[in-house]
Each structure stands twice: as structure tokens, then as C-alpha cells.
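Worksheet: the structure to be examined is printed underneath.
The values are calculated or read from the model by the stated rules, or taken from the named source; none is laboratory data. The structure displayed is predicted, hence computed values, not measured ones. In this analysis, Cβ positions are derived from the backbone assuming ideal geometry, glycine residues included, and neighbour counts consider all displayed protein chains.
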Amino acid sequence: MTTRHRNDPHTPDRERDLRPGLRLIVRQLLDAKGDRTPFGDDEPLLTGGRLESVDVIELVMHLEQAHGVDFSTRAFDPDDFDSVARMEALLQR
């Protein structure tokens, strides 16, 4: 049996450490707003006012393209995009 590393691109999302990539897209969205303040993985980004609903659209498009998530076939809850940790949990379901 072959053991895959958590960051191996062939490892299923539910077993990978997805946070670095999620942090990067969140950082890009925040940078575009001029927000250079660091953020934690559990920090509320939407309810904390750092990201807006239009940013969720960007996140959805990113997750669909980068991870093959099809939001037309699954329940959509904006709360799943409130933090990096919640986005990772969404991808691991």
C-alpha cells in the first residue's frame, strides 16, 4: 500500500492540507481591497467584515476550478466561506 503525503496533488481533498492554497486566495482577495492585516485560519472573514458577498463568488469560482467542487449539486451555505478552516472543512466533506 502506498502512503500519500497530505500535500501530494493525487491525494483526495478530504485527506490533504488545503489551507495553504485557501490562505493564498483569501490573501489575494484581501490585498485587492488594500487589507494587508494578517489573518488566522479560524478568523471570521465575512462576518468580521473583511470579505464581502462578492468575494464569496470569487471563492466559489476558485473552488470549482481548483478542486472540482460543483455547487450546483450541493447545498450552498455562505457560512462555509467565513474562514479558511470552514472552507477546508467544506472541501473535505
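Check residue 53 against each of (1) modelled with pLDDT of 95 or more; (2) under 15 Å from the mean Cα position of the chain (by Cα); (3) among the hydroxyl-bearing types (Ser, Thr, Tyr); (4) exposed (fewer than 11 other Cβ atoms within 10 Å of the Cβ) and name the one condition it does not meet.
(1)
Here is a list: 66, 75. Which entry is assigned to a helix (DSSP H, G or I) and either among the small types (Gly, Ala, Ser) or touching a helix residue (DSSP H, G or I) at 6+ places or on another chain (Cβ under 9 Å) (or both)?
Every option except 66 fails the conditions.
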